[in-house]
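The values are calculated or read from the model by the stated rules, or taken from the named source; none is laboratory data. From a predicted model like this one, the values you see are computed outputs, not experimental measurements. Here Cβ is always computed from backbone atoms with ideal geometry, including for glycine, and neighbour counts include all displayed protein chains.
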Amino acid sequence: MKRPIICISILVIIVISLSIVQIFISNKLSTSGIELAIIQFKIGKYKVENAILAEKLLTASSYTYISNKAEIEGFIESKSPIYISRQFPIAIGR
């Protein structure tokens, strides 16, 4: 007579403890989903920002941009080539 009561009470304790564990895990997963959505939103925002910065970098490093910036700063392009008129000896013999 005592044996079935012990088995039933053990089974009830196991069911209750597993139910409590399931509640904790479900709660943890629900908050993890919210955090995951926030992280994915931030990743998307940073990808857009990286694309914009890459475009600005390519624009700033283009030759036309550098040429225009140099012209604004007062640098001018030399129109005539410079030649050395005097010939220097290649090697001096002793």
Notebook entry, point to check: Taking into account only those residues within segment 57-84 that are small (Gly, Ala, Ser) and surrounded by fewer than 10 Cβ atoms within 10 Å (Cβ to Cβ), which is modelled with the lowest pLDDT?
Noted result: 78
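For (1) among the hydroxyl-bearing types (Ser, Thr, Tyr); (2) touching a His at 6+ places or on another chain (Cβ under 6 Å); (3) without any contact (Cβ under 8 Å) to a residue 12 or more places away in the chain; (4) surrounded by 10 or more Cβ atoms within 10 Å (Cβ to Cβ), each residue gets a yes or a no:
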position: 4; (1), (2), (3), (4): no, no, yes, no
position: 22; (1), (2), (3), (4): no, no, yes, yes
position: 25; (1), (2), (3), (4): no, no, yes, yes
position: 32; (1), (2), (3), (4): yes, no, yes, yes
position: 55; (1), (2), (3), (4): no, no, yes, yes
